[in-house]
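Okay, structure first, notes after.
The values are calculated or read from the model by the stated rules, or taken from the named source; none is laboratory data. If you're wondering where the values come from, they're calculated on a predicted model, not measured in any experiment. Every residue, glycine among them, receives a Cβ derived from its backbone with ideal geometry; neighbour counts consider all protein chains shown. Protein only, heavy atoms only, side chains kept; ligands, DNA and RNA dropped before computing areas. Shrake-Rupley method; radii C 1.70, N 1.55, O 1.52, S 1.80 Å.
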Amino acid sequence: MEQEKWRIWQPIEDISSTLYLERLVNNSNGLTITLREDKKKQLLVINFDGYFSYRVTDEGNLLKTLHNIENRECLGKLALFIVENSLYLEWFHQQNYDTYRKQQIIHYLIATPDDVIEVLDCDAPTVKWNL
């Protein structure tokens, strides 16, 4: 398998390079991730209406992953990515015996100074500013 590549994801304009996890809610409305901008104090709300899987990992526990990504220069400058050649997605396919292999599942990744949030979904999430 090729090396993972993090591609910049810009679903809306004016997203700060540094976002902090404010809240993560998983309920009947889907998975809602609320991020806080440090400088502007506004909240970015990302809602995945339906999703296959998600995980949250302390960034300090992903040293190998962060070291090995092809475009390391993006870290700290950007917060939102789509992962190509995803090991997480490959793991997901193996776990469900390729049930969803034919679907176009996207690996979304949100890198904050403290956490890395990853979501597998076929549909683009709703992304909006909550002022």
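Partner aspartates and glutamates whose Cα lies under 15 Å from the Cα of residue 5, excluding those fewer than 8 positions away in the same chain, are identified as 70, 73, 84, 90, 118.
Alpha carbon centre of the range 1-40 versus the range 90-131: separation in Å? Distance between centres, Cα-based: 11 Å. In the complete set of protein chains, residue-level accessible area for residue 46 is approximately 0 Å², probe 1.4 angstrom. Largest first, the residues 84, 2 sort by 1.4 Å accessible area into 2, 84.
Peptides 91-100, 14-23 ranked from most to least packed, by the mean per-residue count of other Cβ atoms within 10 Å: 14-23, 91-100.
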